[in-house]
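Contents: one structure, followed by commentary.
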Amino acid sequence: MKKPRISVIGVGYVGLCTAVGLASKGYSVLACDVDEQKISKINQGIPPFHEPGLQEKLSESIKKGNLKGVVGQTDQVIEETDLTFVAVGTPSKPDGSIDLKYIESAACNIGKALKQKDSYHVTIIKSTVVPGTTQNIVKPLLEKESKKTCGVDFGLCMNPEFLRQGSAFQDTLNADRVVIGAYDKQSGDTLEDLYKDFYSAHTPPIIRTTLSTAELIKYASNAMLATKISFINTIANICEQIPGADVKVVATAMGLDKRIGPLFLDAGLGYGGSCFPKDVKALIACSKKLGYDPELLDSVEQVNKTQPLKAVKFCKEQLGKLEGKNIAILGLAFKPDTDDMREARVIPIINQLLKEGANVTAYDPVAMPIAKTIFDNKISYATSALKCLKNADSCIIVTEWEEFKKLTPEDFTKNMKQPILIDGRRMFNPETFKTKMQFVALGLGK
Ligand SMILES: NC(=O)c1ccc[n+]([C@@H]2O[C@H](COP(=O)([O-])OP(=O)(O)OC[C@H]3O[C@@H](n4cnc5c(N)ncnc54)[C@H](O)[C@@H]3O)[C@@H](O)[C@H]2O)c1
């Protein structure tokens, strides 16, 4: 089979991993973005964000000529390719509903380009969009601008992305499933053929469905994962009221039940990142607009809002007033192995600490440059975990980076003014730490 030529519009986390994944398997890929700086980095083989495994394959693909970054110029990339993945951002509006301005702008540009093109082309929406968007917004824009008919002159699919930041590139190469929502059979068949060729003998289950069901599968999956997190955090909060109870043991035992499973049962300071918070909010807003009030999801969100502030409450219980106290924060990224701080739980924690007059010093292995754009000089930045602990009255573990797991009780007792450790991610063994310092862990009964 002759490999189709591919373009990707919007090369952030999702778009770039898709583009590099395809290019690394020999497809010819054009990566298109409106952000000039991003494209310039990509063309030098430098990923614009931290993602394990991406750097090597990106520079290899650029060197081999399989991947090329292009600024804007949608007409050129549509003309020169057969399939286009759209992976632009879909942020939240202030009321929590989805902002489709980037999707609309990309659809208009693609429509205009399709007008000039003679051969068949399939547009694939990979961005997370609320049910009805591809059918009711993207398709009409493509038809209006191209003056052509969807399902006849060009194809349209909705193909949600399930990658996880921190292992995004590996997830692109090893998906659990592929969901293809198709406007018509030919569009769906074209995309299915691409995936079968891409994954070859390791093709995961492929679910063929309608555009709207594909859109909902993405939201339902993220809402389920967010629910599991808020659920186990609720159990953690109950554990804290029961002497001798430990949420870690509860979760391990629960996870052995095949109906429940062990994943996403780690109690902590809540979920963050660019997806769960925004997608839960968008699903709530979409559902309410359709006339159904999803009370369960409202509660999931509410738990996630209060959970990070528990770290501040624990600090206050140990120190009394926070005014003038030095608080060390270990971990800024919303999860390990990424520098992404979008909706990171550390943001409300630091804001509250500052509001109460504490002096904050923070350290993260990769997210410091991004943290500086958020907190500027309102906090201090340490160059290592140990330097962060120097003279601290209390330390809060916010992100469970592998390098923090190596810290010993002595690292805390020797460096801190008062060794008070708040383990917000249940990284450390309470038995080892409790005898050496004041140790407070989430979900541990007093
Ligand atoms: N990040 C994740 O883990 C993840 C996982 C699954 C799904 N998603 C979804 O995928 C989509 C993209 O997410 P992301 O995290 O990669 O976003 P991102 O913000 O990192 O990247 C989006 C990119 O689109 C570009 N862009 C915007 N308008 C454009 C246009 N008209 N033409 C060309 N480029 C344009 C931006 O410059 C940016 O580089 C979102 O809908 C998100 O919800 C994200």
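Throughout, read-outs are computed from the coordinates displayed, never taken from laboratory work. If you're wondering where the values come from, they're calculated on a predicted model, not measured in any experiment. A quick note on method: Cβ atoms are made from the backbone with ideal geometry, for glycine too, and the neighbour counts reach across all protein chains shown.
Before moving on, here are some points about what is shown:
- Cβ charges +1 (Lys, Arg) and -1 (Asp, Glu), total dipole of the chain, debye: 520 debye
- Largest mean-square fluctuation among K406, K313, K126, in a Gaussian network model of the chain whose springs join Cα atoms under 10 Å apart, belongs to K406.
- Counting only Cβ charges, +1 for Lys and Arg and -1 for Asp and Glu, the dipole size of region 304-374 around its Cα centre is about 300 debye.
- Rounded to 5, the percent of DSSP beta bridges in region 6-209 classed as antiparallel: 10 percent
- Between L263, L353, L67, the GNM of the chain built on Cα springs shorter than 10 angstrom shows L263 fluctuating the most.
- Summing charges over neighbours of R425, with a neighbour being any other residue whose Cβ is under 15 Å away from its Cβ, gives -1 when K and R count +1 and D and E count -1.
- In order along region 427-434, the phi-based Karplus estimate (6.51 cos²θ - 1.76 cosθ + 1.60, θ = phi - 60°) of 3J(HN,Hα) comes to 8, 10, 6, x, 4, 6, 7, 4 Hz; Gly and Pro are listed as x.
- Stokes-Einstein D in µm²/s, Kirkwood radius over Cα pairs - region 220-299 at 10 °C with 1.306 mPa s viscosity: 115 µm²/s
- Ranking of R259, R177 by neighbouring Cβ atoms within 10 Å, starting from the fewest: R259, R177.
- Once exposed loop GluC sites (Glu not before Pro) are cut out (DSSP; at most 16 other Cβ, 10 Å), longest piece of the chain: 81-322
- Result for the chain in a Gaussian network model with C-alpha springs under 10 Å: among S40, S119, S212, the largest mean-square fluctuation is at S119.
- Distance histogram for region 258-409 (every C-alpha pair counted, 10 angstrom bins, percent rounded to whole numbers): 10, 37, 33, 15, 5, 0
- Normalised per residue, the volume of the convex hull around the Cα set of region 164-226 (Å³): 85 Å³
- Positive-end residue of C108, L16, T213, charge dipole of the chain with Cβ unit charges: L16
- When both bridge partners sit in the chain, DSSP labels roughly 10% of those beta bridges antiparallel.
- With all projection directions averaged, the alpha carbon convex hull of region 6-209 covers 10.7 nm².
- Sorting T252, T172, T413 from the fewest to the most surrounding beta carbons within 10 angstrom yields T252, T413, T172.
- log10 of Debye I(q)/I(0), alpha-carbon scatterers only, for region 402-446 at 0.17, 0.31, 0.33 Å⁻¹: -0.43, -1.34, -1.43
- Largest first, the extents of the alpha carbon coordinates of the chain on the three principal axes equal 73, 47, 42 Å.
- Neighbour-count order for F154, F314, fewest beta carbons within 10 angstrom listed first: F314, F154
- Ellipsoid fit via the Cα gyration tensor, region 1-110: semi-axes of 23, 17, 12 Å, each the root of five times an eigenvalue, largest first.
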